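Colleague: The structure's right below; bear with me while I get my questions together.
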Amino acid sequence: MSQDLYAMLGVERDADSDTIKKAYRRLARQLHPDVNPDPATQERFKEVSAAYEVLSDPQKRSAYDRGGDPFGGAGAGGFGQGAGFSFTDIMDAFFGGQGGAAGGGRGPRPRSRRGQDALIRLEISLAEAAFGVTRELKVDTAVLCTTCDGAGAAPGTQPVACETCRGAGEVAQVQRSFLGEVRTLRPCPACRGFGSIIPEPCRTCAGDGRVRSRRSLTVKIPPGVDTGTRVQLTEQGEIGPGGGPAGDLYVEINVAAHPVFTRHGDDLHCVVTVPMAAAALGTTLTLPTLEADVVDRPEEEGPLVDPDLSTSHDLEIKPGTQSGLEQVLRGRGVPGLRGGRGDLVVSVSVETPTRLDARQTELLEELAAIRGEQRPDGQVKPRQSSVFGRLRDAFNH
């Protein structure tokens, strides 16, 4: 052979396969016809591709090193149409080793792969969302097959090399083009790219290395979660095929509606109804707080809420309180996920009696006479606008 294939690639005769591949990729980027259409460069590209075809194949390289003709009689001029090269390697040179035409990586793919993430939904009460809770869950996921320990083969057997691809996981499809014979690597259809075949699959898992099972696990819900919050449990999801590592389990929270409190962010809102006479004269009410919903926990888990915070609050209704008046109890709302705690906003609703007996009617008529309210003139005012509207009106005045 009149040309030195090692010199064509610019490598030493003892260069390893990785060095040869890197040299070819570097030259392919420079000489490919799509990059440099010069006819002389195209001929040079054919020669470099043919040299790589020989030196990347251990058998052809060995024959060439012994002085043989790796092209089977193509002679010194055999670097043209008679030589083949890997289209996958060309794509590697331009796309970073992902063999675009082949649709995957080089070599057999592993049977063991990471499992999928799993999602379950959990409904909790508002108090549990505010102060946190620990729950026992039943989950139905893929778990490791204990019969074959994830290998997929029946006990006492082993996977064997695929005869079609000889363990490579890939087969070559050769097509002719103006560059010569273009060899495209594709996953082996016999072994599906694994490079091996399981002759006797495990009867428990049918060769998948995993089975579905229901199991129990404990999840700790942190204080301050809300509907839509997801708690991540690392490696508690689906076991992967072939006994691969498990994915993650996500617990999505749904907070049930509370009969008294409405949540807005970290703040709680409620309405207190006060009789007309009590609103006029003033009074003090006992208002239960969210802590009143918390049940006793086992001593080993510790207190769920601050023991210094009581389960009720004395709400003072001042004389003359009107409907819609709001009182804000600082720090009695929902703890935030990042610290702090919201407020409890109490709106007062004054209740007007609808059923009066004769004595009550007499007393109210007497009061109306004293206050001159037997025939009052109604005060007509525009409807209250939004906060921004009231601010606008204030600036306009």
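The values are calculated or read from the model by the stated rules, or taken from the named source; none is laboratory data. Quick caveat, the model's predicted, so the values are computed rather than measured. Neighbour counts are summed over all protein chains in view; Cβ atoms, including those assigned to glycine, are modelled from backbone coordinates with ideal geometry. Areas reflect the complete protein model, heavy atoms only, side chains present, ligands, DNA and RNA absent. Shrake-Rupley method; radii C 1.70, N 1.55, O 1.52, S 1.80 Å.
Colleague: If a residue has to be open to solvent by 90 Å² or more (accessible area, probe 1.4 Å), at pLDDT below 70 and of a type in the set (S, T, N, Q) to count, how many in region 357-397 make the cut?
Modeller: Here the count works out to 3.
Colleague: If only one of E316, E299 is acidic (D, E), more than 30 Å from L363 (Cα to Cα) and at pLDDT below 95, which one is it?
Modeller: After applying the criteria, what remains is E299.
Colleague: When you scan region 113-131, how many residues do you find that are farther than 21 Å from E200 by Cα and surrounded by fewer than 18 Cβ atoms within 10 Å (Cβ to Cβ)? Lay out the reasoning, then the answer.
Modeller: Our first condition is that a residue be farther than 21 Å from E200 by Cα; within region 113-131, this holds for 114-131.
Next, from what is left, pick out any that are surrounded by fewer than 18 Cβ atoms within 10 Å (Cβ to Cβ): 114, 116-117, 119-123, 125.
Going through region 113-131 one residue at a time, the tally reaches 9.
Okay, residues lined up against (1) open to solvent by 50 Å² or more (accessible area, probe 1.4 Å); (2) closer than 24 Å to L126 by Cα:
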| site | (1), (2) |
| --- | --- |
| E170 | no, no |
| L185 | no, no |
| E200 | yes, no |
| G242 | no, no |
| I253 | no, yes |
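Colleague: Hey, another quick one. Mind checking which residues of region 141-153 are open to solvent by 20 Å² or more (accessible area, probe 1.4 Å) and either closer than 18 Å to R230 by Cα or over 23 Å from the mean Cα position of the chain (by Cα) (or both)?
Modeller: Taking region 141-153 first, the residues open to solvent by 20 Å² or more (accessible area, probe 1.4 Å) are 143-144, 146-147, 149, 151.
Once the filter is applied, which keeps residues that are open to solvent by 20 Å² or more (accessible area, probe 1.4 Å) and either closer than 18 Å to R230 by Cα or over 23 Å from the mean Cα position of the chain (by Cα) (or both), region 141-153 yields T146, T147, D149, A151.
This table checks each residue for (1) part of a strand (DSSP E or B); (2) surrounded by 12 or more Cβ atoms within 10 Å (Cβ to Cβ); (3) in contact (Cβ under 8 Å) with a residue 24 or more places away in the chain.
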position: L315; (1), (2), (3): yes, yes, yes
position: G320; (1), (2), (3): no, no, yes
position: S323; (1), (2), (3): no, yes, yes
position: R332; (1), (2), (3): no, yes, yes
position: G339; (1), (2), (3): no, no, no
position: V346; (1), (2), (3): yes, yes, yes
position: S349; (1), (2), (3): yes, yes, yes
position: P353; (1), (2), (3): no, no, yes
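Colleague: Could you give every pair whose Cβ atoms fall below 8 Å, whose first residue belongs to region 118-139 and is free of Cβ contacts under 8 Å to residues at least 40 places away in the same chain, and whose second residue is surrounded by 17 or more Cβ atoms within 10 Å (Cβ to Cβ), counting only separations of at least 6 or pairs across chains?
Modeller: none
Colleague: Those residues that are within 27 Å of A153 (Cβ to Cβ) and of a type in the set (A, V, I, L, M, F, W, C), I need them from region 202-245; list them, please.
Modeller: C202, C205, A206, V211, I239
Colleague: Starting from region 32-59, keep only residues that are closer than 13 Å to K21 by Cα, then list their pairs with residues that are of a type in the set (V, I, T) and at pLDDT below 85 whose Cβ atoms are within a distance under 8 Å, requiring at least 6 positions of separation or different chains.
Modeller: Within 8 Å, the pairs are S49/I90.
Colleague: One residue is enough: does region 212-231 have a residue meeting the conditions open to solvent by less than 20 Å² (accessible area, probe 1.4 Å), in contact with a Cys (Cβ under 8 Å, 6 or more places away or on another chain) and at positive phi?
Modeller: Scanning region 212-231 turns up no residue that is open to solvent by less than 20 Å² (accessible area, probe 1.4 Å), in contact with a Cys (Cβ under 8 Å, 6 or more places away or on another chain) and at positive phi.
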